[in-house]
Amino acid sequence: MIKTLALLLVLLLLAHPAQAHKLKVFASAEGAAISGLVYFSGGAKAMGVSGVVQGPDGAEVGRFATAEDGSFRFPVNVRMDHLIMVDAGDGHVASALVAADEFPASLPPTSLPQVAASARSAPTVASVAAAADMDAVEAAVARQIRPLRQQLDAYEEKVRLHDLLGGIGTIFGLFGIVAWLNARGRTS
Amino acid sequence: MAHIPDGVLSNPVLVAGAIVSTVGVAFGLKGLDPVRVPRVAVLSAVLFVASLIHLPAGLASVHLLLGGLAGIVLGWSVFPAMLVALVLQAVLFGFGGLVVLGVNTMDMAVPALLAGLLFRLAWRDGSPRRAAILGGLAGGGGVLLTAVMVACMLGLSGREFETAARLVVVAHVPVMAVEAVFTAAAVSLLARVKPEMLARAS
């Protein structure tokens, strides 16, 4: 029995301190679409998780479900803030906001695309070409920095040793205060 | 995991959880013998760390809850110990919300308390072997009850109970196995070296 305990202790020491299960969603604009990843802190991918996309007014824009690798893609028609909310069904929820200015400028800015389109003057050939170039650049840059943003997002969640030690110290401090108050009560 | 985030549960469930936990914490602090304060502190620290460390268990990776062990050693004091551990996990790591602290504390501490009470009722003869078996049952049963309570809280908050229950309980099966072995080992060790830690609880 002591052997088992020793083995478990060794396992405990070997295991990297990380990841209590917390659901995370990472989302970013990729051209005229939102693409993202749903995962548990620590890295395990959440597959088959359903999500809801909301506009800035709280109205539902659409729904999606994550693929086997936890990724999802959602087409965007309007340049506005999109709130992505995912729910794993077992009490884990997470949300992420993709701001309007992440999307390409060529998308109509309101939810009334017909009005917006007719109000605009007829685009010249040159301005259409320039807009297309701009979109291509934006998409390329978004694609390039995406892994970086994703890594940063995951890094934020990492449980670090100093956090652990700080927590343990706080616990002992707290109960130390209880003990101190008790001792003071007894002497006076 | 009893790390329910904010915005999942309905208000009546939150209020009920807060009331149960407040009563539990009050009871735990009232009966707390000053001599036993360090023990509560150590167990609280263990609870805080245990659910942050993941163990490999087959394909999945699980983390211990250690509610059963804490309940056996602490009795009612498991409420304050659990509350402190969960507060720090929520504040430092964002595991579990702050508004749902009452419910999360209840989901963890009530099974722990029951496991401890039943262990003490059943463990009369003082034999380490019996303590190991009962400890294993208390550890595994504590995890199961926690999972069922989490599923109930989700069900009461308007989610589909069966789906939630299936997801939560299935996720906890490996935890139950590891926890049962760990608690059995720890309790049997205590029964041999320091049986007075198991015999009495305030």
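The values are calculated or read from the model by the stated rules, or taken from the named source; none is laboratory data. What you are looking at is a predicted structure, and each value in this text was computed from that prediction instead of being measured. Methodologically, a virtual Cβ is constructed for each residue, glycine included, from the backbone with ideal geometry; neighbour enumeration extends over all protein chains shown. With ligands, DNA and RNA removed, areas are computed over all heavy atoms of the protein, side chains included. Shrake-Rupley method; radii C 1.70, N 1.55, O 1.52, S 1.80 Å.
Per-structure values
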quantity: Residue within segment B:124-135 that is assigned to a loop (DSSP other than H, G, I, E, B), under 23 Å from B:Val78 (Cα atoms) and free of Cβ contacts under 8 Å to residues at least 24 places away in the same chain present; calculated: yes
quantity: Verdict on A:Ala88 being on the phi < 0 side of the Ramachandran plot, surrounded by fewer than 17 Cβ atoms within 10 Å (Cβ to Cβ) and in contact with a strand residue (DSSP E or B) (Cβ under 8 Å, 6 or more places away or on another chain); calculated: no
quantity: Test for A:Asp90: is it of a type outside the set (Ser, Thr, Tyr), assigned to a loop (DSSP other than H, G, I, E, B), within 28 Å of B:Phe93 (Cα to Cα) and at pLDDT 85 or above; calculated: no
quantity: Any chance A:Leu83 is of a type in the set (A, V, I, L, M, F, W, C), in contact with a Leu (Cβ under 7 Å, 6 or more places away or on another chain) and part of a strand (DSSP E or B); calculated: yes
quantity: Filter result for B:Ala138 (surrounded by 21 or more Cβ atoms within 10 Å (Cβ to Cβ) and closer than 24 Å to B:Pro38 by Cβ); calculated: yes
quantity: Segment A:113-158, residues that are of a type in the set (Val, Ile, Thr) and either modelled with pLDDT of 80 or more or touching a helix residue (DSSP H, G or I) at 6+ places or on another chain (Cβ under 6 Å) (or both); calculated: A:Val137, A:Val141, A:Ile145
quantity: For B:Ile53: the one exception among (1) at the interface with another protein chain (Cβ under 8 Å from one of its Cβ atoms); (2) at pLDDT 90 or above; (3) surrounded by fewer than 24 Cβ atoms within 10 Å (Cβ to Cβ); calculated: (2)
quantity: Identity of the residue in segment B:95-114, open to solvent by 10 Å² or more (accessible area, probe 1.4 Å) and either without any contact (Cβ under 8 Å) to a residue 40 or more places away in the chain or touching a Gly at 6+ places or on another chain (Cβ under 6 Å) (or both), that ends up nearest to A:Ile168 (Cα to Cα); calculated: B:Met108
quantity: Positions within segment A:131-188 being within 14 Å of chain B (Cβ to nearest Cβ), in a helix (DSSP H, G or I) and open to solvent by 100 Å² or more (accessible area, probe 1.4 Å), in sequence order; calculated: A:Tyr155, A:Glu156, A:Leu161, A:His162, A:Leu165, A:Trp180, A:Arg184, A:Arg186, A:Thr187
